[in-house]
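Report on one structure; see the data block that follows.
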Amino acid sequence: MNKLLIARLLFDFGLVVLIWLVQLIIYPGFQFYSFEKLGHWHPIYTNAISTVVIPLMLGQLSVVSIQIIKVRNVYTILSACGVVMVWLLTFLVFVPMHNEISMGIIQETTLKNLVAQNWYRTVAWSVLFLLNVLYFKAKYSNLR
């Protein structure tokens, strides 16, 4: 069995679980803090969540990069495009919003935008995981 594919499944699974927790619990929960308390909590939260997110994202990016070098097919190209899209969304949309909140620039619209716009990442990471599961299943369906 392909160890690279197993690693990819693990990274994708970790990210899909994480993004659903963020989407359904963490980001909506920000609206229950006073702006003052959120301003205090948010830098602690971003440092803590980064210790989970960064290794998962770097691991996924590394595996996808190796996959696209070793085997260039529809699966690896779609995977690479999906990962690049999520990275762009993360660094161009979400990092600036989180930076504002950490600096104490907290607005109701920013908190609502976190939830609303995070659906794009939630769907993207979910699709990447499902794509990987389907590819794995197709590749190894003859094993029992």
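Quick notes on this one:
- Filter pass, SER79 being crowded, with 16+ Cβ neighbours inside 10 Å, small (Gly, Ala, Ser) and out of contact with any Ser or Thr (no Cβ under 6 Å at 6 or more places or on another chain): yes
- Annotation: of all residues in the range 24-50 being among the β-branched types (Val, Ile, Thr) and exposed (fewer than 12 other Cβ atoms within 10 Å of the Cβ), the one that is nearest to ILE106 (Cα to Cα) is ILE44.
- Flag: PRO55 matches the condition of being under 16 Å from the mean Cα position of the chain (by Cα) and of a type outside the set (A, V, I, L, M, F, W, C).
- Pair list, Cβ < 8 Å and 6+ apart or interchain, from the range 28-42 residues that are free of Cβ contacts under 8 Å to residues at least 60 places away in the same chain to residues that are not in a helix (DSSP H, G or I) and not small (Gly, Ala, Ser): TRP41/TYR33
- The range 98-114, residues that are part of a helix (DSSP H, G or I) and buried (at least 17 other Cβ atoms within 10 Å of the Cβ): HIS98, ILE101, SER102, LEU111, LEU114
- Matching residues, the range 43-54, being touching a helix residue (DSSP H, G or I) at 6+ places or on another chain (Cβ under 9 Å) and within 16 Å of THR90 (Cβ to Cβ): TYR45, THR46, ILE49, VAL52, VAL53
- Residues of the range 121-135 that are of a type in the set (Phe, Trp, Tyr) and touching a Leu at 6+ places or on another chain (Cβ under 6 Å): TRP125 alone.
- The listed residue being more than 16 Å from PHE30 (Cβ to Cβ), at pLDDT 95 or above and of a type outside the set (Ser, Thr, Tyr), out of LEU111, LEU78, LEU89: LEU89
- Residues that are closer than 30 Å to GLY39 by Cβ, among the hydroxyl-bearing types (Ser, Thr, Tyr) and free of Cβ contacts under 8 Å to residues at least 40 places away in the same chain are absent from the range 121-143.
The values are calculated or read from the model by the stated rules, or taken from the named source; none is laboratory data. Not measured: the values here are computed from a predicted model. Note: ideal-geometry Cβ built from the backbone for every residue, glycine included; neighbour counts use all protein chains shown.
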